[in-house]
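The values are calculated or read from the model by the stated rules, or taken from the named source; none is laboratory data. Predicted model, so just to flag it, every value in this text is computed and none were measured. Note that each Cβ is placed from the backbone with ideal geometry, even for glycine, and that neighbours are counted across all protein chains shown. Accessible surface areas use protein heavy atoms only, side chains included; no ligands, DNA or RNA. Shrake-Rupley method; radii C 1.70, N 1.55, O 1.52, S 1.80 Å.
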Amino acid sequence: MINNEKVVLIIQKIAEKIHENRQFLTDLDAAIGDGDHGINLDRGFQAVVEKLPTVKDKDIGTILKTVGMTLVSTVGGASGPLYGTAFMKAGAAMNGKMELETSDLLTIIDEAAKGIKMRGKAERGEKTMLDAIEPAYEVLRRELEKGSTLKDALDEAENAAKEGVEYTKTIIATKGRASYLGERSIGHQDPGATSSMMIFTVLKESCED
Ligand code: ADP
Ligand code: MG
Ligand code: MG
């Protein structure tokens, strides 16, 4: 099962994934935004990695809330408050827990999506991170409800997130900086949806072993 140590490990792996892809995410943002998404997120997750030793023995709620607060105070831009709120809301729902059931994993992702929507006032179809997160959440829930293993369910969820990223190429951005481009945002994949998809990739990779 996923205990607090594993959660810390997963967060470290997310930081690594973002670090490896910081240039790619930044290039995606340069095409339809201001070219800082990878740099912003990498700075934030490196700060998170430095903070993790102070909370590694704490409950999962505390760990996730600490991640969220660190992201809010270090990432900046649109994605800092959005990802920050996502982790803080997920953490608030996991107060006191030292281990996660699969239903808790669903709650974490659901709360994260709700936090992003509350903060950013976006809905699916506006070319944002929600276009990766919401379909991934729905598929994960469907797979777990029908009795798939966590590994298979996360595999399907990652695929749904990837499809969500592909879908963002076909639509106009109506939120965030990319919305300034209007129709010219078509043909480009959303950087935030892409970083969200990478988080699902890490979840999948982390729950394979
Ligand atoms: P900024 O645009 O301030 O430079 P980033 O480049 O770090 O911030 O993040 C841009 C990403 O944030 C976008 O690709 C998009 O996925 C996401 N985003 C922007 N506005 C919103 C919003 N209102 N709701 C959800 N996601 C958003
Ligand atoms: Mg940007
Ligand atoms: Mg910016």
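Name the pairs whose Cβ atoms lie under 7 Å apart, with the first residue in segment 70-82 and more than 11 Å from ligand 1 (Cβ to nearest atom) and open to solvent by 30 Å² or more (accessible area, probe 1.4 Å), the second modelled with pLDDT of 95 or more and among the charged types (D, E, K, R), and 6 or more positions between them or separate chains?
These pairs meet every condition: 74/43.
I'd like to verify a number: residues in segment 162-190 that are farther than 15 Å from residue 124 by Cα and within 16 Å of the chain's Cα centre (by Cα), how many?
Looking only at that region, the number is 0.
Could you tell me how many of the residues in segment 1-45 are part of a helix (DSSP H, G or I) and open to solvent by less than 70 Å² (accessible area, probe 1.4 Å)?
Total satisfying the criteria: 25.
Considering only segment 97-112, state which residues are open to solvent by less than 60 Å² (accessible area, probe 1.4 Å) and modelled with pLDDT of 95 or more.
Listed by number, the residues that qualify are 100, 104, 105, 106, 107, 108, 109, 110, 111, 112.
Do you know which residues across segment 46-63 are in a helix (DSSP H, G or I) and open to solvent by 10 Å² or more (accessible area, probe 1.4 Å)?
46, 47, 49, 50, 51, 53, 54, 62
What residue, of 125, 115, 182, 192, is open to solvent by less than 60 Å² (accessible area, probe 1.4 Å) and in contact (Cβ under 8 Å) with a residue 60 or more places away in the chain?
That would be 192, the only listed residue that is open to solvent by less than 60 Å² (accessible area, probe 1.4 Å) and in contact (Cβ under 8 Å) with a residue 60 or more places away in the chain.
Residues that are within 16 Å of ligand 3 (Cβ to nearest atom), at least 1 per element: which helices (runs of 4 or more DSSP H) completely within segment 89-190 meet that?
Hits in segment 89-190: 102-120.
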